[in-house]
Amino acid sequence: MPRSFHVKTSARTDMVDITAQIQAAISESGKSDGVCTVFIPHTTAGIVINEGADPDVCNDILAKLNEMVPPDAGYQHTEGNADSHIKTALVGTTASLIVENGRLVLGTWQKIFFCEFDGPRSRQVYIKI
Amino acid sequence: MPRSFHVKTSARTDMVDITAQIQAAISESGKSDGVCTVFIPHTTAGIVINEGADPDVCNDILAKLNEMVPPDAGYQHTEGNADSHIKTALVGTTASLIVENGRLVLGTWQKIFFCEFDGPRSRQVYIKI
Amino acid sequence: MPRSFHVKTSARTDMVDITAQIQAAISESGKSDGVCTVFIPHTTAGIVINEGADPDVCNDILAKLNEMVPPDAGYQHTEGNADSHIKTALVGTTASLIVENGRLVLGTWQKIFFCEFDGPRSRQVYIKI
C-alpha cells in the first residue's frame, strides 16, 4: 500500500489543511526531489489547493459549492449525498505537487486542503513520492 | 506515442467506466510500482473519478453540469459545443493515479470515468506509467 | 527551485496560452520521455487545457465562470477577490502532461492555458519534468 494518513472532518462540508501531514510523509520518505502524487480514495471528498491565511476563503468556497449544488434538489441517487458526489467531481480527487530539496514547492499563500462533502467522518489520504 | 485505447460514447453527454482498460494497460506495461498519468486528448471530453456502484451518481453529475452549463445559452463560440468546452474546463482532462504491486490503488467505491460532453463519438485515452 | 517562467496577464480574468513556454522548458531539460508536472503557485490563478483555435472558447469559459461565481456576491473574505479563490478551486492549479520524444503529447486542438482570476498581474508557472 502507498503511504497514507487519516483526516478527521467535523461537519458535513469541511476543508482541513493537510499540508503538514503531506510534508511529513515526504520527509519520512527520505526523497529530496520529484513529484508527490496525492490521491483521495473517496467518492464524496476531494482536494483543493488554495489560500490558508484567512479561513473565510474556505468558507466562501464551501458556501458557493453548496449554492451551486444544494444538498436536496431532486437527484436520482437516493442516499442523500448526491450533491457530495457532484462536488467531488467538480474539485477533483488527485493533485501532483513538486518536491525540491525534500520540501513541497508551494506559493506563499498556498495550503493543501482535504475537502469533505459528506461528513463528519474519518477519512484517508494516499501519497506516492 | 504513449499507450492509448479507444472509448466509444453513446450520447451527447455520457460517462464511460474506463477503469478496466487503464488496469489492463498497467498490467501490459509490466510495471508494478509508480504513478499512472491518464490524459484525455480532447477539448470537449474530460475525466472524473467517482462512484461506480449506482449509475444514478453519473446521471446526477451529468444533469447538474447540464443545468449549470446548458447547451444553448448565447455563447460566443458558434459551433454548438461551447458548453462542452466549459464542462471540460470544470472537470479537467488529466489524472494521476497511484499503482502498487501492478494494481491501481482506488477507494472501495471509486471507478475512473471518461466524460463525454459532445458525443456520441469514438474517443481516445492516453496513458503513461 | 523547479524550472519556472513568468506570465503577464492583461485583465481581471484572462486565459494565456502557455503551451510554447512549457514545450521550451521540456526542450531545455533535455529529457525525452516522461511526465511534465505543471504547478501554478498562486491562490487566484489556475490551469486549464482546452481549445486554442477559436479565442471565443476561452471567452465563453471565463464568462460562464463569472456568471457562476460573480465578483461581488456577499462573500465573507473581504479582499475583493473571494470569487477569484473560488474559480481557482473549480479549475485547479496542477496538471500532469505526457512527454514523448521530447514533445508534449496533446490532442489536435489542445492548448495549455494559464487562467488569471485576479489580474492583471505578473505571475509564475513551475514545471517539473
What are the pairs with Cβ atoms under 9 angstrom where one residue, in segment B:74-86, is aliphatic (A, V, I, L, M) and the other, located anywhere, is modelled with pLDDT under 95 and buried (at least 23 other Cβ atoms within 10 Å of the Cβ)? Sequence gap at least six, or different chains. none
Filter result (surrounded by 16 or more Cβ atoms within 10 Å (Cβ to Cβ) and more than 20 Å from residue C:51 (Cα to Cα)) within segment C:18-33: C:25, C:26, C:29
Looking at segment C:100-129 only, could you name the residues that are among the β-branched types (Val, Ile, Thr) and buried (at least 23 other Cβ atoms within 10 Å of the Cβ)? C:112, C:125
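Let's see how each residue does on (1) within 14 Å of chain C (Cβ to nearest Cβ); (2) closer than 18 Å to residue C:83 by Cα:
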residue	(1), (2)
A:12	no, no
A:40	yes, no
A:43	no, no
A:50	yes, yes
A:53	yes, yes
Looking only at segment B:105-119, how many residues end up being over 14 Å from the mean Cα position of the chain (by Cα) and in contact (Cβ under 8 Å) with a residue 60 or more places away in the chain? 1
When you go through B:50, B:66, B:59 one by one, which is the residue that is surrounded by fewer than 22 Cβ atoms within 10 Å (Cβ to Cβ) and within 16 Å of the chain's Cα centre (by Cα)? B:59
Conditions (1) over 22 Å from residue A:105 (Cβ atoms); (2) surrounded by 23 or more Cβ atoms within 10 Å (Cβ to Cβ) -> residue A:79 fails only (2)
Which members of segment C:1-17 meet the condition of being surrounded by 14 or more Cβ atoms within 10 Å (Cβ to Cβ) and under 15 Å from residue C:117 (Cβ atoms)? C:7, C:9, C:12, C:13, C:14, C:15, C:16
Tell me, please, whether a residue that is over 30 Å from residue C:67 (Cα atoms), among the acidic types (Asp, Glu) and more than 13 Å from the chain's Cα centre (by Cα) can be found in segment A:14-35. yes
From the option list C:96, C:122, C:29, C:84, single residue qualifying as touching a Pro at 6+ places or on another chain (Cβ under 9 Å), within 14 Å of chain A (Cβ to nearest Cβ) and closer than 28 Å to residue A:103 by Cα is C:84
Filter result (of a type outside the set (A, V, I, L, M) and touching a residue at least 24 places away in the same chain (Cβ under 8 Å)) within segment C:35-60: C:36, C:37, C:39, C:41, C:42, C:43, C:44, C:46, C:50, C:51, C:52, C:58
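The values are calculated or read from the model by the stated rules, or taken from the named source; none is laboratory data. Please read all numbers here as calculations on a predicted model, not as lab measurements. Cβ: placed from backbone, ideal geometry, glycine included. Neighbour counts: every protein chain shown.
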